[in-house]
Amino acid sequence: MNPTDPATTLLHQYIAQAPADSLWWVDENILLIPEQRPGIRAITNRYDLYQQLKARQWQVTFNDFDSGQILPASLSCVLLRLPKEKALVHYLINQTARLLRPGGELWLIGDKSEGVRGFNKRAAERLGGPLSEHKVSAGLWFARISHDPQQAGNDLDDQHYTETRPVTDRHGYSFISKPGLYGWQKVDPGSAFLIAELPTMLNQPFPLSGRVLDLGCGFGYLSLQTAGTQTQLTCTDNNAAALHCCQANLEAQGILAEVVASNAGDTLQGPYDILLCNPPFHSGFATNLDLTSRFIAASARLLSPQGQACFVVNKHIPLEQKAQRYFARIRLYADNGQFKLIHLSQPKHSQDAS
Ligand SMILES: C[S@@+](CC[C@H](N)C(=O)[O-])C[C@H]1O[C@@H](n2cnc3c(N)ncnc32)[C@H](O)[C@@H]1O
């Protein structure tokens, strides 16, 4: 992760200049939180960013970018650092059109390689006002787009961003999902590999019994495959859309569980007997191996002394090496050429590991 990301630096400059009645959409690409600006609200779908914004006294809401609490046509300015997912960008532009007063502006920052110029153009069509854009450095662009309700176009195609829906992946597996969460239309092949090997890895059939934690649950695939009425299940994720879909999937299968927002499990106490995890290794556009380490540290803290953690990671992630600080027993269980399964047990106490 690069804390001196030029887009983040530029965004901070514009946050400092924004009028008091502004909104900042905060997604995972924000690497550093600036000083709080009184009167500027923030909405984020990431729990870790919500915590950081709160800590810096920002007026912030954690949800899946629902701006229903803000009056239509009430804002002078909306700030956005371009997110990765097209449906989300379109949805946020559509919402911005609803929230800006006539003459209000969308300030959009992004890189050419991320397709920012196309988004600038489409935002101008949707908002109706003139587009003023300039290249800041290398591929980085800044745009101001005014809202002119008389000229405003139709909503951009956001794939019905807010709606959960049934999805069937190419192997015929059905689940409830929506845009805005990681790999929302498919089962992660690493997770499928973990599920195939898990009964022998744990020496336990499905449904699992005992206290189970699904760390970074997404729409709940690992839980849906392994849990039953005897499972004391907890699912946690950082992403508001993931938590929403996970809850919906569990309810649809009649599985009782606690579904909790956390930043790598930080709001949980444990202990758990079994922990299942396919950890993230990206924050927005950037690779973030720190995040993997935080997931391992959280696993050691949350597992009971006899507990077992089963991880699946891409082959190139040095998970075994990172786990040495936190676990006395680390076993490479399987490797299919693309992913590897790691079994971790005998957690070292957090004080020994620090
Ligand atoms: C590789 S996906 C796995 C999803 C799901 N377990 C599966 O197997 O399909 C990683 C998940 O970690 C979540 N995540 C990313 N950063 C996180 C954080 N700091 N704390 C908790 N969860 C996080 C992502 O939102 C995503 O759902």
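FRET efficiency for residue 320 and residue 345, Cβ-Cβ distance as r, R0 = 22 Å, nearest 0.05?
Taking R0 as 22 Å, the efficiency between residue 320 and residue 345 is 0.95.
When all protein chains stay in place, what accessible area (Å², nearest 10, 1.4 Å probe) is found for residue 47?
My reading of the accessible area for residue 47 is about 40 Å².
By how many degrees, between 0 and 90 and to the nearest 10, does the Cα long axis of helix 189-202 differ from the longest principal axis of the chain?
20 degrees
Once the dipole of the stretch 165-353 is set up with Lys and Arg at +1 and Asp and Glu at -1 on Cβ about the Cα centre, which of 218, 342, 276 lies farthest towards its positive end?
It is 342, whose Cα lies furthest towards the positive end.
Pairs on different chains or at least eight residues apart, Cα atoms closer than 14 Å: how many lysine pairs in the chain fit?
Close lysine pairs found across the chain: 8.
Give the Debye-formula value of log10 I(q)/I(0) at each listed q (0.06, 0.11, 0.14 Å⁻¹), with one equal scatterer per alpha carbon of the chain, two decimals each.
With one equal scatterer per Cα and no solvent, log10 I(q)/I(0) is -0.24, -0.77, -1.13.
For the stretch 6-147, restrict the atom set to alpha-carbon positions and state the Rg and Dmax in Å.
13.7, 38
Residues with amide H under 5 Å of residue 77's amide H, sequence separation 5 or more or different chain, H placed in the peptide plane at 1.01 Å from N; which?
23, 105
Could you work out the relative contact order of the chain? I mean the mean sequence separation of Cα pairs under 8 Å and 6+ apart, divided by the number of residues, in percent.
Rounded, it is 11 percent for the chain.
Roughly speaking, what is the centre-to-centre gap between the stretch 79-99 and the stretch 217-284 when only Cα atoms are used, to the nearest Å?
Each part reduced to its Cα centre gives a spacing of 27 Å.
Out of the stretch 126-200, which trypsin sites (Lys or Arg not before Pro) are coil in DSSP terms and have no more than 11 other C-beta atoms within 10 Å?
Here the sparse-neighbourhood loop sites are 170.
From the phi angles alone, apply the Karplus equation (6.51, -1.76, 1.60; θ = phi - 60°) to the stretch 23-36 and give each ³J(HN,Hα) in whole Hz, x where the residue is Gly or Pro.
In residue order, the calculated couplings are 10, 10, 7, 10, 10, 4, 7, 7, 9, 8, 8, x, 3, 5 Hz.
So, for the stretch 94-217, what is the accessible surface per residue at a probe of 1.4 Å, expressed in square angstrom?
That works out to 48 Å² per residue.
Using per-residue counts of other Cβ atoms within 10 Å, averaged over each peptide, order 206-218, 253-265 from highest down.
Order by mean packing, descending: 206-218, 253-265.
The values are calculated or read from the model by the stated rules, or taken from the named source; none is laboratory data. Because the structure is predicted, anything quoted here is derived from the model rather than measured. Quick reminder, even Gly has a Cβ in these numbers, built from the backbone with ideal geometry, and neighbours come from all protein chains shown. Calculation scope for accessible area: heavy atoms of the full protein, side chains included, ligands and nucleic acids excluded. Shrake-Rupley method; radii C 1.70, N 1.55, O 1.52, S 1.80 Å.
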